[in-house]
Structures are given as C-alpha cells and as structure tokens.
1. In whole percent, what relative contact order does the range 1-159 give with Cα contacts below 8 Å and a gap of six or more residues?
2. For a quick check: with amide H placed at 1.01 Å from N, whose amide H comes under 5 Å from Leu244's, ignoring anything fewer than 5 positions away on the same chain?
3. Using the Karplus curve 6.51 cos²θ - 1.76 cosθ + 1.60 with θ = phi - 60°, work out ³J(HN,Hα) for each residue of the range 127-137 in order, rounded to whole Hz, and write x for Gly and Pro.
4. What does DSSP give for the chain in terms of the percent of beta bridges that are antiparallel, rounded to the nearest 5?
5. Compute the convex hull volume of the Cα atoms of the chain, divide it by the residue count, and report the result per residue in Å³ as a whole number.
6. Would you mind calculating the relative contact order of the chain from Cα pairs under 8 angstrom and at least 6 residues apart, reporting the percent as a whole number?
7. Tell me, what ³J(HN,Hα) does each residue in the range 70-76 have, in order and in whole Hz, if you take phi through Karplus 6.51 cos²θ - 1.76 cosθ + 1.60 with θ = phi - 60° and put x for Gly and Pro?
8. Can you give the helix-only mean residue ellipticity at 222 nm for the chain, where every DSSP H stretch with n ≥ 4 adds -39500 (n - 2.57) and the sum goes over all residues, rounded to the nearest 500 deg cm²/dmol?
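A short reminder: the numbers here are calculations on the coordinates, not readings from a lab. Remember, it's a predicted structure, so these values are computed and weren't measured experimentally. Reconstructed Cβ throughout: ideal geometry from the backbone, glycine too, with neighbour counts over all protein chains shown.
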Amino acid sequence: MSPADEKFYLGRVTKRVDFAPDLWSLRIQPGGEFHFTPGQYATLGVQAGEKLRERPYSIASSPYESELEFYYELVPNGKVTPDLYKLQAGDQLTMRRIAKGRFTLDMAGPVTNHLLVSTVTGVAPFVSFVRTLHKDWKEGKFDGAHKLFLLNGASRSWEFGYLDELQKFAREAPWLKYVPTVSRPWEDEKWQGETGRVDDLLRKYTDLWGLNGKNSLGYLCGHPGMIETGKGILQRIGFHRESLKEEVYWVPSKAQNIHPFLPATGN
Ligand SMILES: Cc1cc2nc3c(=O)[nH]c(=O)nc-3n(C[C@H](O)[C@H](O)[C@H](O)COP(=O)(O)OP(=O)(O)OC[C@H]3O[C@@H](n4cnc5c(N)ncnc54)[C@H](O)[C@@H]3O)c2cc1C
C-alpha cells in the first residue's frame, strides 16, 4: 500500500485510552473525508513487512465527531491486534476510505423499540448510536420516540470501556436504558450491578422492558457464542429472523470454545 493509493487514507492516532491490559481505545484522525452511518465499520490496516494486514472494526464515535474512535481487544496470537496494540498518539495506520456494514439502527419502520445486546468491544456500534441520537435529541432533531435498551456483557467491570459515558447518557435520556452485566463477579468484588451473562439475562430484561418480536428489533454484536445463543432465545420469544441484526466479530476455530466468557476464548 502506498499512502497515495486512492483506496486508503493514512490515519493518525490522536489519543489512546487503556481500560484493561487487553482492552483499549484509539481516536484516529482519518486524514480525509470519511462518511459513515452509526453502526458501520472501518477497515484498518497495519503493515507487516511488504504485506498490509487489514481487519474490520466497528466505529464507536458518531459521524458528528471529526475523529473516529475504536474499541479494541487484543488477541495475543492474532495477526493484526498485536500491532494495533503498539500504536500510540502520533502513529499511523491505514484506513479504507469507504465505511461498510448494515448493522445500523433501523428507524424508518414502524417498530420503535431497539434491543441492543453486546459483549465487551461489541458495544462500539451502540456507542455510536447513542452519541449520535443524544446530540440529535439535544438539538431537537430526535424526539425520543425510538427507545434503546442496551444490555452490555463483560467478564469484569473494567472491561466496560464506555460504562461512565453510557450511564451518564442513560440518567439523562428517557429513551435509553443501559444495563451492564458482569459474568465473573467473584473476580470483581466491588461490582454492585447486574451479574450473569448477557444471553442468560435476555429473558429477564425483555420481560421487564416489555419487549417482544412484535414491538422490537434486536441487534446482537460481538462474541459469536453470545450471538448464537442470544438469537435462539429471542427467536423463542417471538423475534423473527427479519427483526434481528447481528455483527459477529470473529469466527471461532474448531479448537476454540465459543461459550462466552470462558477462559478458552478470552472474550
Ligand atoms: C464487522 C466487524 C467489526 C468488528 N469490530 C471490532 C471491534 O470494534 N473491536 C474489536 O476488537 N474487534 C472487532 N472485530 C474483530 C476484528 O476484525 C479482528 O477479527 C480481531 O481484532 C482479531 O484480529 P487479529 O488479526 O488480531 O486476529 P486473527 O489473526 O484474525 O485471529 C486469530 C484467531 O483468534 C480468533 N479471534 C479473533 N478475535 C477474537 C476475539 N476477540 N476473541 C477470541 N478469539 C478471537 C480468530 O477466530 C482466529 O482463530 C470486528 C469484526 C467484524 C467482522
């Protein structure tokens, strides 16, 4: 890849935040106009010798922001994340000029409840939804008729990169409910919030919030095991295939255990 290549931008890291030893976010100045809809992903690349290695990453920032933000998990034996992990403010990486993906919020149809379910970094597209709607709401461009119900799972609370921000939005915005849940509370004694895996909590919260296949759309993002189980549970309570969207972050190899939050996979 040469920086002059018309398919790519050379993005520059402007900020890095570490949440846990294997979880961090980067803000990136794309170096040119980059259009996207909340929920879409960018294709980021790192140079490995002569080879450019690329992976898709959901955009956590809102299109209203001038920089792009991403939330990463390190996969220790992965081809790309160990190099992304080395990046600090000032460093560069490639970025395809075109955003992709259909994991966007469907506000055009008659259904106004949106159940958002994520594991760890899978919260990124939902952060983009919320940041965008919050700004629109503040400016009177969104009347709050669409409601977001966000269930966010992690093994331990320090894996919630956006906990404070989302809790703050949820306190302020009547159209947002946010429930972070920790699946390994015994490793996180200070955590006082919800416990259990997100998929195990789906029945409880759909009941509590009155969400069903007729009045809601479901969006599942992140861990393949959670998505598989979560889809099954939602289908059993009446969600049709057409009312479910999914963004599967990786395909487990045969040797991997795909059950969420078990040590064989990390998460
Ligand atoms: C649309 C889309 C959006 C994505 N958005 C994000 C995002 O916002 N943040 C993010 O961190 N990742 C995201 N991913 C995953 C990302 O694209 C890479 O797959 C991931 O970062 C691993 O890349 P790698 O090259 O280091 O590992 P690879 O060399 O690609 O993978 C090595 C092995 O690890 C497995 N693996 C990959 N990821 C994980 C994981 N998280 N846990 C356990 N095993 C894994 C693979 O199946 C493979 O067996 C997204 C994926 C898709 C398809």
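1. Dividing the mean separation by the residue count of the range 1-159 yields 27 percent.
2. Under 5 Å from the amide H of Leu244: Gly218.
3. 4, 5, 4, 5, 4, 5, 5, 4, 5, 4, 5
4. Of those bridges, close to 50 percent are antiparallel.
5. 135 Å³
6. That works out to 17 percent.
7. Per-residue couplings from phi come out as 9, 10, 10, 10, 6, 9, x Hz.
8. -6000 deg cm²/dmol
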